[in-house]
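J.: Sending over a structure as C-alpha cells; questions will come in a sec.
What follows is calculated from the coordinates using simple rules that are stated; it is not laboratory data. Note that the coordinates shown come from a computational prediction; the quantities given were computed from them, not determined experimentally. We place every Cβ from the backbone using ideal geometry, glycine too, and count neighbours over all the protein chains shown.
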Amino acid sequence: MEDGITRKPYVTSKNFYASRSKTYYYGLHVFGSFQAERYDQKIQKAIESLPEYYTSYPPCRHIPTKSRMYRNIILDAHLIIYRVTATRIEVLDIIHKASSISKIRSVRKIRM
C-alpha cells in the first residue's frame, strides 16, 4: 500500500447489523425497493473500502480522542462510526445524522 499504511481487517458489531436492517426497511417503506437497495449497496461499498482507506475518513468530531481512534464515514443521511485498534477496524454502528450527540457518543460503549 501507499504511504506505509497497513491493511487491517474489519469486523462489524451486532448494533451495526440491526441499525443497517432498520435503515433498509425504513428506506423500503419511504423510498421504495430500488432506492433502499441502492443505499444499502452504498453502505456495503463504504464498509468494504475500510481495510485500505480507513485513515482517509475524518475523526468523529462527536467522540474526540487524542488517538483519533473513532472515525466516521459520512453518507447521505447517516454516519457509519468505526474504531481503529492496533489489529483491526471495528465497525460499531450506523446512525442518522440528525441523532442526538448523546446517542452518537453512546457508540463508545459498544463492545466487540
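J.: What are the residues in the stretch 77-94 that are β-branched (Val, Ile, Thr) and farther than 13 Å from Ser13 by Cα, if any?
T.: Going through the stretch 77-94, the residues β-branched (Val, Ile, Thr) turn out to be 80-81, 84-85, 87, 89, 91, 94.
Hits for the stretch 77-94 are Val84, Thr85, Thr87.
J.: Only one of these is touching a residue at least 24 places away in the same chain (Cβ under 8 Å), acidic (Asp, Glu) and part of a loop (DSSP other than H, G, I, E, B): Asp76, Asp93. Name it.
T.: Asp76
J.: Output yes when any residue across the stretch 23-40 is in contact with a strand residue (DSSP E or B) (Cβ under 9 Å, 6 or more places away or on another chain), within 16 Å of Arg105 (Cβ to Cβ) and surrounded by 13 or more Cβ atoms within 10 Å (Cβ to Cβ), and no when none is.
T.: Scanning the stretch 23-40, I find no residue that is in contact with a strand residue (DSSP E or B) (Cβ under 9 Å, 6 or more places away or on another chain), within 16 Å of Arg105 (Cβ to Cβ) and surrounded by 13 or more Cβ atoms within 10 Å (Cβ to Cβ), so the answer is no.
So that you can scan it fast, the table gives a plain yes or no per residue for (1) over 14 Å from the mean Cα position of the chain (by Cα); (2) outside any helix (DSSP H, G or I):
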{"residue": "Val11", "(1), (2)": "no, yes"}
{"residue": "Asn15", "(1), (2)": "no, no"}
{"residue": "Ser19", "(1), (2)": "no, no"}
{"residue": "His29", "(1), (2)": "yes, no"}
{"residue": "Arg38", "(1), (2)": "yes, no"}
{"residue": "Gln44", "(1), (2)": "no, no"}
{"residue": "Tyr57", "(1), (2)": "no, yes"}
{"residue": "His62", "(1), (2)": "no, yes"}
{"residue": "Ile80", "(1), (2)": "no, yes"}
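J.: So, one more: Test of understanding: among Pro58, Pro51, which residue is loosely packed, with under 12 Cβ neighbours inside 10 Å and touching a residue at least 12 places away in the same chain (Cβ under 8 Å)?
T.: Pro58
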